[in-house]
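Chemist: I have a structure here, written as structure tokens, and I will follow up with some questions on it.
Throughout, read-outs are computed from the coordinates displayed, never taken from laboratory work. Bear in mind that the values here come from a model prediction, so they are computed numbers and not experimental data. Cβ sites come from the backbone with ideal geometry, for glycine too, and all protein chains shown count toward neighbours.
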Amino acid sequence: MFANNHSGTFKYQVNSGDTLYNLAQKHGISLEYILAVNPGINANKLKVGQTINMPLSTPVAVANIYGGPLRPQIAGTVSLYDVPNGTWVCADISGLPPYQPAAGGENPIGPHGFHIHMFGNCQIGDPADPFQAAGGHWNPSNQPHGNHAGDFPVLFSNQGRANMCFFTVAFKPEQVIGKAIIIHQNPDDYRTQPAGDAGKRLACGIIQRA
Ligand SMILES: [Cu+2]
């Protein structure tokens, strides 16, 4: 089981008219929680432009990730939180394969290429080359690979476990519901077109409304 237990915060710049009470309501969290992550804050003297810590609320969308035939042990979640100007993405994945250095003309195994792909279809298809039904990278503004809206940082395994969050301005969670997230066997070089030479597809999950 993987709970969405990322109890992180993001930086929020106070706008005119904001009160902690309104912010709590808007983000679906308790006022006490905001106060707890802003020790010493004076709730009655918020200044426009002041930066405060805002707790992450519930994710707008979640992908449950399942390993395919090349690595069935993979399981986990990717959670997408709506934050000002973009999305906070949190991955919690286990069962990744042990790292193997490049050898014999083969790319290293890990850290793992990690992307949003176009189609929300995780049918396995060819077990030797699975998850082709998810299509190529989600690339709505026709950018070179390395700057696709669906390009993510590589997943860095710690004895099989990867746990990371990052911020992106490339999309809002609503825009990617119904697409797929893929974990690849090899690293993404962010340069080779069109997919960073990230190799075979180990795991897949469809992004669904949380
Ligand atoms: Cu990919």
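Chemist: Provide the net charge surrounding residue 97, with neighbours chosen by a C-beta distance below 14 Å and charges set as Lys +1, Arg +1, Asp -1, Glu -1.
Modeler: +3
Chemist: Let me ask you something else. Students often check this: by mean Cβ neighbours within 10 Å, which of 107-117, 14-24 ranks highest, and how do the rest follow? Write down the numbers at each step before the final one.
Modeler: Numbers: 107-117: 23.5, 14-24: 13.6.
Going from most to least packed, we get 107-117, 14-24.
Chemist: Need the full-extension length gain, residue 166 to residue 14, defined as separation in residues times 0.36 nm minus the C-alpha distance. One decimal, nm. The partial results should precede the final answer.
Modeler: Details: separation 152, 0.36 × 152 = 54.72 nm, distance 2.17 nm.
That works out to 52.5 nm of additional length.
Chemist: I'd like to know which of 34, 86, 158 lies farthest towards the positive end of the charge dipole of the chain, counting +1 on Cβ of Lys and Arg and -1 on Cβ of Asp and Glu.
Modeler: Value computed over the given set: 34.
Chemist: Based solely on C-alpha atoms, express the radius of gyration and the Dmax of the stretch 9-55 in angstrom.
Modeler: According to the Cα coordinates of the stretch 9-55, Rg and Dmax are 9.4, 22 Å.
Chemist: Output the antiparallel fraction of DSSP beta bridges having both residues in the stretch 18-94, as a percent to the nearest 5. Provide the component values of the computation, followed by the final result.
Modeler: Working: 15 of 15 bridges.
Of those bridges, close to 100 percent are antiparallel.
Chemist: Which is farthest toward the positive dipole end of the chain among 196, 96, 24, measuring Cα position about the Cα centre, with Cβ charges +1 (Lys, Arg) and -1 (Asp, Glu)?
Modeler: 24
Chemist: Next up: Pairs 47/172; 26/47; 11/179: which are spaced more than 25 Å apart, C-alpha to C-alpha? Please list the in-between numbers first.
Modeler: Values: 47/172 27 Å; 26/47 18 Å; 11/179 28 Å.
Those over the limit are 47/172; 11/179.
Chemist: Identify which of 50, 100, 13 has the largest mean-square fluctuation in a Gaussian network model of the chain, with springs joining Cα atoms closer than 10 Å.
Modeler: 50
Chemist: Ranked highest first by the average count of other Cβ atoms within 10 Å around their residues, in what order do 36-46, 152-162, 196-206 fall? Can you show the working numbers first?
Modeler: Details: 36-46: 11.2, 152-162: 16.9, 196-206: 22.8.
The peptides rank, most packed first, as 196-206, 152-162, 36-46.
Chemist: Another one. With an 8 Å Cα cut-off and a minimum separation of 6 or more residues, compute the relative contact order for the stretch 9-55 in percent.
Modeler: Computed value for the stretch 9-55: 63 percent relative contact order.
Chemist: Report the Cys residues of the chain lacking a disulfide-compatible partner, meaning no second Cys Cβ under 4.7 Å from their Cβ.
Modeler: When partners are defined as cysteine Cβ atoms under 4.7 Å apart, the chain leaves no cysteine without one.
Chemist: Can I ask one more? Can you compute the helix-only [θ] at 222 nm over the chain? Use -39500 (n - 2.57) per DSSP H run of at least 4 residues, normalise by all residues, nearest 500 deg cm²/dmol. Show your work: numbers first, answer last.
Modeler: Values: 3 runs with 18 residues, N = 210.
It lands at -2000 deg cm²/dmol.
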